[in-house]
Structures are given as C-alpha cells and as structure tokens.
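Read the structure below first, then the notes.
The values are calculated or read from the model by the stated rules, or taken from the named source; none is laboratory data. What you see is a predicted model, and the numbers here were worked out from it, not measured in a lab. A quick note on method: Cβ atoms are made from the backbone with ideal geometry, for glycine too, and the neighbour counts reach across all protein chains shown. Note: areas computed on protein heavy atoms with side chains; ligands, DNA, RNA excluded. Shrake-Rupley method; radii C 1.70, N 1.55, O 1.52, S 1.80 Å.
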Amino acid sequence: MFRRCVEEGRPFDETLPMLTRTGRAIWARVVGAPVWDAQGRILGAHGAFQDVTEQQETRKQRAWLADRLTQTLDQMGDGFYTLDRDWRFTYVNRAAHTLLKTTDDELLGRAIWQAFPDALGTNLEFEYRRAVATRKYALFEYYDTVLRSWFSVRLHPIEEGLLVYFREITRERARERDLRLLEAAVAQQTDALLITEAGIEGPDQPKVIYVNPAYVRQTGFAPEDVIGRTPRIQRGRLTDRA
C-alpha cells in the first residue's frame, strides 16, 4: 500500500493485523496519502496508525454472535423472518423457506407484497400494517390460498421493522373441526354419556372430563358439578358397591 501510494499516488485506509516491537499482536487502522510538490511530483507520503484492537475484537464478537443466532434460528421448527421498515425481507430461516416453498434468492431484499401479492387485501396485510402502526404484538390465523394451508402467525414490532414467527396448523384445524363435529353428534344423543380420564386410580379418581346434555337432563347434575370430580359423587347412601 505504501509503495502504491508513493509510486502511483494512491491513498489508502485499511485495517490490518500488526505485531508491535514488543511482540504484542494488535489490529491497526493504517491511513496514508501522497505528498505532492508544485510540479505534481510525489515527494513522499504522510498518514497515521490507530490501534483499533478493541473495536476489531468487538466486531469479531458480534460476527460470532450473529453466526450463532443464525444457526439457532435455522434449527427452529417454526418459520421465522424479519422485515425492514420498507417491508423488505432481511432474514428468512430454513423452516420458513420449507413452509413457503421459497429460497433466499427469491425473498431477500424483496418487499413481502411483491413476493406474495396474493396476501394483499387479506387479514395478513391488515394485521402486519396494524402491528407496525401501533407497535403492538399480534397473534392471528391466516389461510394461504396459494399454499392451501392455515398458519398461526405471531408478530413482534421492533424499531427496525417486524419479526414474524409462524407455523402451519392445517392439520390441527382439521382435528378441531372433526372434534367439534363429534361433540355436536354426541350432544344430540338421547342416552346419558359421561367420559373420564383413563388409567388413573385413587380415592378421587378418575376425574370426569365431559358430560353430554342428556346426562344433565337425566341426572340433575350440572356440568360444573361433575367435571373435574370423580363419578363416585353420583353414589347414594344405598348404592350397592359390589
């Protein structure tokens, strides 16, 4: 750098590892510029050295921490990405790419509304814009018409933009729907039905977890009288325990 400076007139500003005369390893910022005479000839160079070891170590520590954070986020089961104030993707973890069927080249640096135009006008756009405007946490469910999947989405606004966590819940919603259908069918039964926990023994066990409307009508017990307690409360004084 010094030779190019005094021979070609090139200034320089670099950070380099150096070894001091006492044998101490440091990082130094080295700055230099050519000195010209009146005829435009290079007479030499002037510049300065600055010990930036502490700043360089801090920079290395930050880079190490950023690498560890990236590895941690990539091992998450939930999808995660970050958006800046202009709605551009700044980071997308591995799970997010898997769920969205995308790559870094397709998302990083692009605005989310350009990458996913079908999200415009949906509750996802509404919740994103509201979270950024109000700086408040948000949790909601969203159906993606392209992927044909339901997602649970969590938003965390920060000064730099938005943190987005999401996971697919299509199967969970299907199970909940089936459970509601079964519960509706059981509720229509004319026979009394009582369901308890399984495989638990003890004086106050097993505990009741469900009773249908027919049970309430036929026994006179309200659901809150029975659920969480043992069915033994139904026994009268003359019950034949055998």
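Which residue pairs have Cβ atoms closer than 9 Å, lie 6 or more positions apart in sequence or on different chains, and pair a first residue in region 163-175 that is modelled with pLDDT under 90 with a second residue that is in a helix (DSSP H, G or I) and crowded, with 17+ Cβ neighbours inside 10 Å?
none
Report, by residue number, each residue of region 186-242 that is surrounded by 12 or more Cβ atoms within 10 Å (Cβ to Cβ) and of a type in the set (Val, Ile, Thr).
Selection gives Val186, Ile195, Thr196, Val208, Ile209, Val211, Val216, Thr219, Val226, Ile227, Thr230.
Restricting to region 72-85, name every residue that is modelled with pLDDT of 80 or more and either open to solvent by less than 90 Å² (accessible area, probe 1.4 Å) or within 16 Å of Arg154 (Cα to Cα) (or both).
Within region 72-85, the subset modelled with pLDDT of 80 or more is 74-85.
Asp74, Met76, Gly77, Asp78, Gly79, Phe80, Tyr81, Thr82, Leu83, Asp84, listed by residue number.
Starting from residues that are assigned to a strand (DSSP E or B) and not hydrophobic (A, V, I, L, M, F, W, C), keep the ones in region 75-100 and report whichever is farthest from Glu160 (Cα to Cα).
As a first pass, look at region 75-100 and keep what is assigned to a strand (DSSP E or B): 79-84, 88-92.
Cutting the leftovers down to not hydrophobic (A, V, I, L, M, F, W, C) gives us 79, 81-82, 84, 88, 90-91.
On the way: Gly79: 19, Tyr81: 13, Thr82: 9, Asp84: 6, Arg88: 11, Thr90: 10, Tyr91: 13 Å.
So, considering only residues that are assigned to a strand (DSSP E or B) and not hydrophobic (A, V, I, L, M, F, W, C), the one farthest from Glu160 (Cα to Cα) is Gly79.
What single numbered condition from (1) under 28 Å from Phe166 (Cβ atoms); (2) at pLDDT 90 or above fails to hold for Pro11?
(1)
Scan region 25-53 for residues that are touching a strand residue (DSSP E or B) at 6+ places or on another chain (Cβ under 9 Å), surrounded by fewer than 13 Cβ atoms within 10 Å (Cβ to Cβ) and not in a strand (DSSP E or B) and report the count.
The qualifying residues number 1.
Do we find that Asp204 is of a type in the set (Asp, Glu) and under 23 Å from Leu179 (Cα atoms) in this structure?
In short, no.
Suppose we keep only residues that are touching a helix residue (DSSP H, G or I) at 6+ places or on another chain (Cβ under 7 Å) and among the hydrophobic types (A, V, I, L, M, F, W, C) within region 34-74. Which one would you say is nearest to Tyr165 (Cα to Cα)?
Looking at residues that are touching a helix residue (DSSP H, G or I) at 6+ places or on another chain (Cβ under 7 Å) and among the hydrophobic types (A, V, I, L, M, F, W, C), I get Ala45.
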